[in-house]
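Some notes on the structure that comes next.
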Amino acid sequence: MRRLQHAPNAAIAQVWADLLTEAGYPAVVQRLYLAGAAGELPPDQCLPEIWLRHDEHEAPARALLAELARIPQRRWVCPGCGEQVEGGFEQCWNCGAWMPAD
């Protein structure tokens, strides 16, 4: 096994591990519950880590995570109330209308 990288929190760590596994690079999350030790241990040592099961997957797995970091966030105007919605939201925060299909 090889450590790929730290994640900022447990939710993102699990999403990354799932996406890597789905792409054919089996990955697991380690240090998932170590956040409670922050303060007793240095905080940067308590972050969740993504580990690959096979060392030979390191280069393509890093490339996939880099590609995911470059996905642009979409902005759209709500058809129900005209509110501009930013980020990865698919539903308007103001009126609850769904993002148009384009």
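Taking only region 52-67 into account, find how many residues are in contact with a Lys or Arg (Cβ under 7 Å, 6 or more places away or on another chain) and not in a helix (DSSP H, G or I). Please lay out each step first, then the result.
Just the residues of region 52-67 that are in contact with a Lys or Arg (Cβ under 7 Å, 6 or more places away or on another chain), to begin with: 52, 55, 58.
The next check asks that each one be not in a helix (DSSP H, G or I); those that pass are 52.
Residues in region 52-67 being in contact with a Lys or Arg (Cβ under 7 Å, 6 or more places away or on another chain) and not in a helix (DSSP H, G or I): 1 in total.
Which count do you get for residues in region 31-46 that are at negative phi and in contact with a Pro (Cβ under 7 Å, 6 or more places away or on another chain)?
From region 31-46, those at negative phi are 32-38, 40-46; that's our starting set.
If we keep only those that are in contact with a Pro (Cβ under 7 Å, 6 or more places away or on another chain) too, we end up with 32.
Residues that pass the stated criteria total 1.
Is it the case, given these coordinates, that A101 is free of Cβ contacts under 8 Å to residues at least 24 places away in the same chain, aliphatic (A, V, I, L, M) and assigned to a loop (DSSP other than H, G, I, E, B)? Walk me through it before giving the result.
Numbers: free of Cβ contacts under 8 Å to residues at least 24 places away in the same chain: yes; aliphatic (A, V, I, L, M): yes; assigned to a loop (DSSP other than H, G, I, E, B): yes.
In short, yes.
Which of the residues belonging to region 36-57 are farther than 12 Å from R2 by Cα and either surrounded by 14 or more Cβ atoms within 10 Å (Cβ to Cβ) or modelled with pLDDT of 95 or more (or both)?
C46, L47, P48
Kindly establish whether Q14 is surrounded by 12 or more Cβ atoms within 10 Å (Cβ to Cβ), touching an Asp or Glu at 6+ places or on another chain (Cβ under 7 Å) and not assigned by TED's automatic domain parsing to the domain that holds A97.
Details: surrounded by 12 or more Cβ atoms within 10 Å (Cβ to Cβ): yes; touching an Asp or Glu at 6+ places or on another chain (Cβ under 7 Å): no; not assigned by TED's automatic domain parsing to the domain that holds A97: yes.
When the stated conditions are applied, Q14 does not pass them.
Determine which member of the set V77, V29 is touching a helix residue (DSSP H, G or I) at 6+ places or on another chain (Cβ under 6 Å) and among the hydrophobic types (A, V, I, L, M, F, W, C). Show your work before the answer.
Values: V77 fails: touching a helix residue (DSSP H, G or I) at 6+ places or on another chain (Cβ under 6 Å).
Exactly one of V77, V29 is touching a helix residue (DSSP H, G or I) at 6+ places or on another chain (Cβ under 6 Å) and among the hydrophobic types (A, V, I, L, M, F, W, C), namely V29.
Looking only at region 68-91, filter to residues that are touching a Phe, Trp or Tyr at 6+ places or on another chain (Cβ under 8 Å) and not in a helix (DSSP H, G or I); which one of those is modelled with the lowest pLDDT?
Step one: list which residues in region 68-91 are touching a Phe, Trp or Tyr at 6+ places or on another chain (Cβ under 8 Å), which gives 68, 83-85, 90-91.
Applying the additional criterion that residues be not in a helix (DSSP H, G or I) yields 83-85, 90-91.
Details: E83: 94, Q84: 92, V85: 91, E90: 86, Q91: 91.
Restricting to residues being touching a Phe, Trp or Tyr at 6+ places or on another chain (Cβ under 8 Å) and not in a helix (DSSP H, G or I), the top hit is E90.
Out of the residues in region 1-51 that are in contact (Cβ under 8 Å) with a residue 40 or more places away in the chain and part of a loop (DSSP other than H, G, I, E, B), state the one that is nearest to E67 (Cα to Cα).
Let us first name the residues in region 1-51 that are in contact (Cβ under 8 Å) with a residue 40 or more places away in the chain, namely 1-7, 16, 19-20, 23, 47-51.
With part of a loop (DSSP other than H, G, I, E, B) added as a condition, the list becomes 1, 7, 23, 47-48.
On the way: M1: 22, A7: 16, A23: 13, L47: 22, P48: 20 Å.
Once the filter is applied, the top-ranked residue is A23.
Of all residues in region 58-67, which are loosely packed, with under 13 Cβ neighbours inside 10 Å and at pLDDT below 95?
If the condition is that a residue be loosely packed, with under 13 Cβ neighbours inside 10 Å and at pLDDT below 95, then A66, E67 are the ones that fit.
The values are calculated or read from the model by the stated rules, or taken from the named source; none is laboratory data. As the structure is a prediction and not an experimental result, all values here were calculated from the model. No Cβ is skipped: glycine too gets one built from the backbone with ideal geometry, and neighbour counts run over all protein chains shown.
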